[in-house]
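*Asks:* Just dropping this structure here.
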Amino acid sequence: MSRVAIVYGPIGSGKTATCLELAERARSEVTVAGIITTRVLAGEAVVGYDCVDVSTGEDFPLVRLAGDLDDPDWLPLYLEKFVFSTSGFQRANEVLKASVASLGPRRLVFVDEFGRLEAWGEGLLKGVEAVLGGLRESDVAVVTCRTNLLSHVEEMARGAGTDVHVFQPGGSDELWALMKN
């Protein structure tokens, strides 16, 4: 049975850092794919998020503070503080869909992060659904979310017929053990 590891916690708790550490650790042993979102900083202030294609290392813009951009690609979806790149989310969903179509005897697929947009039926939801529905028996997906969305992600993963494991950030050794089994 395929496995889903859900890494949950509040903003800044280390969910992304855990994913980055695990991706680097696993790269030499399994096919690593999916997306990891990283903060864009101006000094110490978060001004947005970029998306990293884990298999290629390429990054592209995903979210920025509202008011900084006057471009039709950037839309304010539900949240007034941020604007969202429609082309960035389209690309991220394509990367997620392709990650479960990739070849390899074992795959480790990252979905960082399932958030409010996805819970509202937007954002990365189509990619998340493709990942959960496309896992093979030896695959592991790592999905991050905030604590308040944990039960939502668990329900989606169980509904896709996966074996679900729940972790807090910093558990890359435990996640690695799950991958190795």
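The values are calculated or read from the model by the stated rules, or taken from the named source; none is laboratory data. Small disclaimer: the values here were computed from a predicted structure and weren't measured. Cβ placement follows ideal geometry from the backbone for every residue including glycine, while neighbour counts extend to all protein chains displayed. Accessible surface is based on the protein model in full, side chains and every heavy atom, while ligands, DNA and RNA are left aside. Shrake-Rupley method; radii C 1.70, N 1.55, O 1.52, S 1.80 Å.
*Asks:* For segment 1-13, which residues satisfy the criterion of being at pLDDT below 95 and open to solvent by less than 40 Å² (accessible area, probe 1.4 Å)?
*Replies:* Of everything in segment 1-13, those that are at pLDDT below 95 and open to solvent by less than 40 Å² (accessible area, probe 1.4 Å) turn out to be SER2, ARG3.
*Asks:* To continue, here is another question. Scan segment 68-79 for residues that are touching a residue at least 12 places away in the same chain (Cβ under 8 Å) and open to solvent by 70 Å² or more (accessible area, probe 1.4 Å) and jot them down.
*Replies:* ASP68, LEU69, TYR78
*Asks:* Pull out all pairs, ordered by first then second residue, where Cβ-Cβ is under 6 Å, the residues are six or more apart or on different chains, the first lies in segment 8-21 and is touching a residue at least 12 places away in the same chain (Cβ under 8 Å) and farther than 12 Å from SER172 by Cβ, and the second is assigned to a loop (DSSP other than H, G, I, E, B) and open to solvent by 60 Å² or more (accessible area, probe 1.4 Å).
*Replies:* From residues that are touching a residue at least 12 places away in the same chain (Cβ under 8 Å) and farther than 12 Å from SER172 by Cβ, the pairs are GLY9/GLN168.
*Asks:* Considering only residues of segment 160-175 that are under 17 Å from the mean Cα position of the chain (by Cα) and at pLDDT below 90, which is nearest to VAL143 (Cα to Cα)?
*Replies:* Among those residues, the one meeting the criterion is LEU175.
*Asks:* Filter the strands (runs of 3 or more DSSP E) completely within segment 91-180 down to those with at least 2 residues that are in contact with a strand residue (DSSP E or B) (Cβ under 8 Å, 6 or more places away or on another chain) and open to solvent by 30 Å² or more (accessible area, probe 1.4 Å). Lay out the reasoning, then the answer.
*Replies:* Numbers: elements: 107-114, 140-145, 163-167.
Counting at least 2 such residues, we get 163-167.
*Asks:* Between a residue in segment 98-112 that is closer than 14 Å to ILE35 by Cβ and any residue that is basic (Lys, Arg) and in a strand (DSSP E or B), which pairs come within a Cβ distance under 7 Å, given they are 6 or more apart or on different chains?
*Replies:* none
*Asks:* Every residue in segment 80-90 that is surrounded by 15 or more Cβ atoms within 10 Å (Cβ to Cβ) and either in contact (Cβ under 8 Å) with a residue 40 or more places away in the chain or not in a strand (DSSP E or B) (or both), please. Working first, answer last.
*Replies:* Applying the first criterion (surrounded by 15 or more Cβ atoms within 10 Å (Cβ to Cβ)) to segment 80-90 yields 82-85, 88-89.
If the condition is that a residue be surrounded by 15 or more Cβ atoms within 10 Å (Cβ to Cβ) and either in contact (Cβ under 8 Å) with a residue 40 or more places away in the chain or not in a strand (DSSP E or B) (or both), then GLY88, PHE89 are the ones that fit.
*Asks:* How many of the residues making up segment 39-64 are assigned to a strand (DSSP E or B) and open to solvent by 40 Å² or more (accessible area, probe 1.4 Å)?
*Replies:* Qualifying residue count for the region: 9.
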